[in-house]
Structure formats: C-alpha cells, structure tokens
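Reviewing the structure listed below.
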C-alpha cells in the first residue's frame with residue numbers, strides 16, 4: 001500500500017521526477033521511458049536484463065525528444081513513436097514477469113478486478129497506448145499526470161471509492177458554476193443548500209449512518225422496544241472528512257463572492273485530489289491552492305532543501321516518537337488501564353498527547369514537504385500547540401486548517417459573537433460538539449468536543465471579565481508557566497476521551513489516575529527517554545527550530561545528504577517491525 005512509508009517514498013520519487021520533466025514540453029516524450037525505467041528499477045523480480053532493456057529504449061526516446069522544440073506540443077508522430085518504442089519494452093517486461101500487458105499488471109497492483117477476452121486485450125494493447133499519446137499532447141499534461149497520480153495514490157487504499165471522490169468533486173464543480181451563473185439570490189441559495197445537503201449526505205451515509213441507527217436502537221431498547229438491526233456496515237473512505245470539507249468550502253466561497261468559479265475542470269479535480277493532503281489534510285482553501293495548480297510551476301533550491309528538512313523532521317516525529325510511544329506505552333495502557341499504576345497511566349496520557357501531536361504534525365510536515373517539492377506551498381497547520389496558555393490559544397495552534405475552517409464555515413454563520421454573550425457561548429459549544437463529531441462517529445468524540453467547547457466559553461468569559469475590570473493579562477513568567485501547564489493537562493484529560501474506545505475505558509483510566517499509585521515497572525528507561533525528547537523538543541524555543549532549519553537549507557548538497565542519511569539510519573533503528581498507520585487516517 002502507498003500508505004506504507006517506504007512504498008510512498010518510491011511512489012513520490014517517480015511523481016517528483018516526472019512532474020519536473022513535464023515542465024518542459026521537449027522532454028515530455030521521456031514520460032513513457034520513465035515508466036519502463038521505474039518498472040525495471042522498482043518492480044519486483046527485476047535484474048540486469050531489465051535495466052539493459054530500459055537503457056536501450058532510452059536512446060531512441062532521447063532522439064525523439066531532440067526533434068521537439070522547447071515549448072511546442074510534441075507532434076502526433078513523435079508522441080506515437082515514443083509511446084510505441086517504450087510500450088513494447090514495457091510490455092516485454094510485464095509479460096516476462098507477470099504474464100500480463102502493462103495495463104493489466106497495473107490494475108492488479110491496485111486490486112481492481114480484471115476481465116478477460118479480446119475486449120480486455122484490446123484495452124491493454126490498444127487503448128492504453130492511445131491514451132498515453134493523448135496525454136503527451138495535452139495542454140495541461142503536467143496537471144493531468146499529477147491528477148492521475150493522485151487517483152492512483154487513493155486507489156491503493158481501495159479503488160472502489162474512486163468514483164466517490166471523483167463524483168463529489170464533479171458535483172461541487174458544477175454546483176459552483178451554477179451558483180455563479182444564477183440570476184437570483186433565491187436560486188443561488190437553493191444551489192448552496194443543494195451542495196451542503198449533498199456533501200453532508202455523503203458524510204452521513206459513510207460515516208454516521210450506522211452510528212445514528214445504533215444510537216436510536218439503544219434509546220428505543222431502554223423503553224422496551226426492540227427494532228431490527230439495520231446497518232450499512234460499509235468501509236469508511238479514507239480522508240472523506242478532509243476532501244468533503246475542502247470541496248464544500250469551494251462552493252460556499254463562490255456563494256459568498258470570495259472567489260470566482262474555476263473554469264478548468266482538471267484544475268478543480270486536482271485541487272480536491274492532490275495527493276500530499278488528500279487523506280489527512282491540511283485542509284487547504286481553494287483560494288490558496290487553485291492559483292498554484294493553475295500557475296507556472298516554481299522551483300528554487302532553498303525551497304527544495306526546506307522540503308527535505310520538513311519530510312525528515314516529519315518522519316522522525318512520526319516514527320521515532322509517535323510510533324515508539326504508541327507501541328511501547330500508550331496502546332498497552334489504554335487497552336487494559338486497570339493493569340497499570342496511576343503513574344503509568346499518567347505517563348501514557350502524556351505519551352498519547354505527544355503521540356497524536358507527533359503523528360499528525362509529522363504527517364503534515366511530510367505533506368507540506370512533498371507539496372513543496374512539487375512547487376506548491378501549503379499553509380502552516382501546527383504551531384507548538386502545547387505551549388498555549390489557554391484553550392483558545394491552543395486552537396490557534398492545533399490543526400489550524402480545521403479550526404479556521406470551523407470558525408469561518410460554522411461558528412461565524414451560526415452568529416459568532418455578534419448576538420450577545422449567551423449566544424456566543426452556545427455557538428462555541430455547538431461548533432466544538434460538531435468538531436468532535438467530525439473526528440468520528442462516537443459519543444467519546446462528542447464528549448471531547450463538548451469539553452473543549454465549554455473550556456472555550458469559560459476562557460472567553462474570563463477574558464471579558466478581566467477586560468471589564470481593566471486588568472491586562474499577567475506577563476510574569478511564573479503565571480505563564482502555570483497557565484501552560486494547566487492548559488496542557490486539561491488537553492491531556494480531554495485526550496483520554498479521544499483515545500478511549502468507550503466511556504467505560506475512559507472511566508477506567510480516570511479511576512487509575514485517581515488511585516495515586518506510583519509503582520512503575522513498565523516505565524522503562526527507553527520509554528522515559530523518548531517522552532523526555534518529545535517534551536523537550538516541543539517546548540524548546542521556536543528560534544532553535546528555525547535556526548536549525550535555516551542551517552540545513554544553507555548546507556552544501558553533500559552535507560545535506562549526510563544529514564538525511566543520518567536521519568534515515570535513526571529511523572531504521574527506531575522503526576517498529578509492524579507499520580503503524582497515521583492516527584488521522586481514520587477520520
């Protein structure tokens with residue numbers, strides 16, 4: 001699967017090379033040869049003969065490239081010749097290894113059911129090369145390739161949900177155009193209601209239908225009524241909450257007049273499906289991403305170095321801290337909290353706070369770095385959230401793309417703070433309750449959101465009270481340290497509901513914490529060291545991180561290579577035998 005770190009690295013290496021080769025139309029004819037070289041190098045069972053064949057195919061392909069003037073679309077003859085030469089080489093390799101044509105071999109990797117007979121052979125041996133020729137001559141060739149790569153990335157999880165992401169994207173693109181073209185306010189509002197109902201309906205079916213039915217059954221059973229068990233029991237499409245929010249915000253922004261409709265269908269599909277942020281964010285606004293996808297690709301060495309730094313740091317966060325704590329402390333304690341002491345449960349709670357931060361911000365770093373290597377910059381999504389002095393500041397630092405989305409598309413439309421203090425507190429509570437439900441179809445997530453909503457309301461009331469008294473916030477170091485510690489421990493307490501599968505499990509964790517037992521045979525030195533490293537690096541001054549990043553960017557390429565090699569060796573030593581999925585993939 002492409003969600004495996006090593007497999008993703010291979011996939012991204014191919015996408016990176018092709019994406020920048022396709023910037024120049026002259027070298028676009030290398031695309032079929034890159035497919036041959038990638039299969040020879042990365043496909044299972046390759047050998048010297050495969051590499052030799054790829055090398056032989058390179059000569060005529062380069063000759064064809066030189067026949068094309070830079071900036072011109074390759075002629076039909078040259079495009080067909082490049083595809084023919086390399087398709088023959090690729091077909092030879094795929095038939096020799098798997099007894100199938102290139103298209104069939106690719107579909108097998110994705111797990112797509114295969115047909116048989118002459119029609120299928122025609123698709124594999126005729127339709128696929130024709131499609132490749134058309135791609136080489138397309139005006140938006142580079143963007144089409146990135147779109148195709150993004151759909152392949154998503155199909156590696158489950159190809160059956162490709163129609164879902166394509167269909168919802170297409171519907172929102174059409175609805176956005178309909179709103180822009182509507183002549184009356186009433187019609188515009190009707191189209192807006194339609195897109196909101198459609199997107200929330202998709203979420204309701206795949207994410208909340210079974211939860212709602214089971215909750216209703218539980219309520220009815222308490223009054224003696226026993227309805228039949230009705231459930232869809234469908235798999236949750238990975239990343240559905242993220243790409244649904246992104247697509248829905250596009251139509252809402254058009255309705256508000258904040259952006260104009262995107263005329264290019266391909267550019268819009270690429271905005272929704274762009275693979276670095278497809279499955280777990282950040283939730284990128286259309287005004288930030290669409291112009292970058294539509295514009296000319298940009299590259300400079302400092303951004304490339306920054307991207308490599310982000311990817312390395314993200315992997316270290318995820319593997320060396322997040323995964324290690326999950327496997328060696330957090331999962332064990334939360335699976336059976338009654339077996340552990342108060343001190344061990346406390347360490348596991350703090351460990352989970354670090355795990356989810358390192359896991360999610362690590363993924364975000366990798367996503368931002370991957371996009372930056374393709375010439376696209378994503379906005380900041382995390383800003384040392386556990387340094388927050390109150391819960392409102394925490395949400396300005398944690399999952400910034402989601403918290404700003406909830407503010408702009410939920411809290412403000414509900415009335416924000418424009419309708420008096422009472423309504424403001426209600427709006428804060430509703431926003432966070434729905435934010436909790438966004439994370440998962442469980443009452444534990446709702447409780448997590450409700451606690452944060454209540455804390456936001458209390459924080460706002462306290463700030464308003466201090467303002468009426470004419471008292472400015474204290475700048476004393478001791479007060480700020482106490483505020484940070486109090487906020488961190490409140491967030492940790494809320495994380496217990498987020499992590500526990502049921503309220504019963506959460507209750508067991510709190511019960512163990514309240515016992516105040518201190519024996520700790522399961523807190524090994526290695527676990528404590530990783531906890532310490534996670535906390536120290538998080539609370540370190542911001543300029544330390546900034547200085548180290550800038551130092552890496554200024555390094556010569558050879559020194560950067562050694563630093564990345566050292567990071568890779570550290571990852572190899574810290575990595576677990578089993579792959580640990582990113583936490584936010586489930587949302």
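Quick rundown of the values:
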| read-out | value |
| --- | --- |
| Shape call, segment 298-421: gyration tensor on alpha carbons, a/c limit 1.5 | oblate |
| Exposure proxy ranking, count of Cβ atoms within 10 Å, fewest first, for 345, 358 | 345, 358 |
| Cα-based helix-to-principal-axis angle, 557-574 vs the chain, degrees rounded to 10 | 60 |
| Angle between the chain longest axis and helix 48-66 axis [Cα atoms, degrees, rounded to 10] | 80 |
| Between segment 333-382 and segment 147-220, the Cα center-to-center distance that results, in Å | 28 |
| Rounded tilt (10° steps) of 421-439 against the dominant C-alpha axis of the chain | 50 |
| By average C-beta atoms within 10 angstrom, highest first, the peptides 286-293, 127-134, 217-224 | 286-293, 127-134, 217-224 |
| Ranked list, fewest to most other Cβ atoms within 10 Å of each Cβ, for 398, 299 | 299, 398 |
| Normalised contact order of the chain, rounded percent, pairs of Cα under 8 Å and 6 or more residues apart | 14 |
| Alpha-carbon Debye profile of segment 164-294, log10 I(q)/I(0) at 0.14 Å⁻¹ | -0.67 |
| Tensor-based shape of segment 67-213 (alpha-carbon gyration tensor, a/c under 1.5 rounded, otherwise prolate or oblate) | oblate |
| Helix-only [θ]222 nm of the chain, DSSP H runs n ≥ 4, -39500 (n - 2.57) each, per residue, nearest 500 | -22000 deg cm²/dmol |
| Mean projected area (nm²) of the alpha-carbon convex hull when segment 116-168 is viewed from all directions | 4.7 |
| Enclosed volume per residue, in Å³, of the convex hull spanned by Cα atoms of segment 1-91 | 94 |
| Ranked list, fewest to most other Cβ atoms within 10 Å of each Cβ, for 489, 226, 452 | 226, 489, 452 |
| Extension gain (nm, one decimal) between residue 477 and residue 549, 0.36 nm per residue minus Cα-Cα | 23.1 nm |
| Cα-based Kirkwood hydrodynamic radius, the chain, one decimal, Å | 26.7 |
| Ordering of 178-185, 328-335 by burial proxy (mean other Cβ atoms within 10 Å per residue, highest first) | 328-335, 178-185 |
| Computed over segment 235-288, Cα set: Rg, Dmax in Å | 11.3, 36 |
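Where a number appears in this text, it was derived from the coordinates with a stated rule and is not lab data. What you are looking at is a predicted structure, and each value in this text was computed from that prediction instead of being measured. Positions of Cβ are backbone-derived with ideal geometry, glycine not excepted, and every protein chain shown enters the neighbour counts.
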